[in-house]
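Below is one structure, written out as structure tokens; the observations come after it.
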Amino acid sequence: VLKPFRTKQILNAVIRCLDRAALRRENFVLRRQLGAVPRADVAGRIVGTSPQMARVRELVARAAATPSTVLITGESGTAKEVTAWALHAQSPYADRPFVPVNCGAIAAEIIESELFGHVKGAFTGAASSREGLFFYAQGGTLFLDEIAELPLPLQTKLLRVIEDRKVR
């Protein structure tokens, strides 16, 4: 904005910046979803007719109605991500992003930067600032799979974020 400026110019510049940030966030989430296995047909669908599966569906419906952080446990291959999709789809946040993260598939050296982001020059190789996955899931659901694979110091930082619901 060049001087002398008008209030309207400043307001338009701020609006453009906010719109651009929202578009970048949406673009990132959509690219992540396109790169993932197509889940449109299974997102939010828990199948099965056993009493145990009925109980899971009931718990998902109850948990989806609350603004709480949810812990889903189970052995590998027990459809924890499908359950997370179902929770997200039934929650008031269903129109916002669902960002799945396999913590075991990301190198321990960069997982913190992936989750929380970083500013330019924060460490060797940080040539530009980058928003983290918490930012891109803002207002939606961040599904952290294989969280036990994270280094213990990072688990402590993650616990703080989950408890406070704030990222510094």
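Numbers for the structure displayed
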| item | result |
| --- | --- |
| Nonlocal amide H pairs with residue 141, under 5 Å, H built at 1.01 Å | 98, 99 |
| Folded to 0 to 90 degrees: helix 80-90 orientation relative to the chain principal axis, Cα | 70 |
| From phi via Karplus (6.51, -1.76, 1.60), per-residue ³J(HN,Hα) for the stretch 91-101 in Hz, x at Gly/Pro | 8, x, 9, 4, 7, 9, x, 10, 10, x, 10 |
| Rounded accessible area of residue 19 (nearest 10 Å², 1.4 Å probe) | 90 |
| Order by protection proxy (mean Cβ within 10 Å, highest first), peptides 68-77, 103-112 | 103-112, 68-77 |
| Leading residue at positive end of dipole, the chain (Cβ point charges), from 84, 137, 159 | 137 |
| Kirkwood-based shape ratio for the chain, expressed as Rg/Rh from alpha carbons | 1.04 |
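The values are calculated or read from the model by the stated rules, or taken from the named source; none is laboratory data. Note that the structure is predicted; figures quoted are calculated from it, not measured. Reconstructed Cβ throughout: ideal geometry from the backbone, glycine too, with neighbour counts over all protein chains shown. Keep in mind that these areas ignore ligands, DNA and RNA; they rest on the heavy atoms of the full protein, side chains included. Shrake-Rupley method; radii C 1.70, N 1.55, O 1.52, S 1.80 Å.
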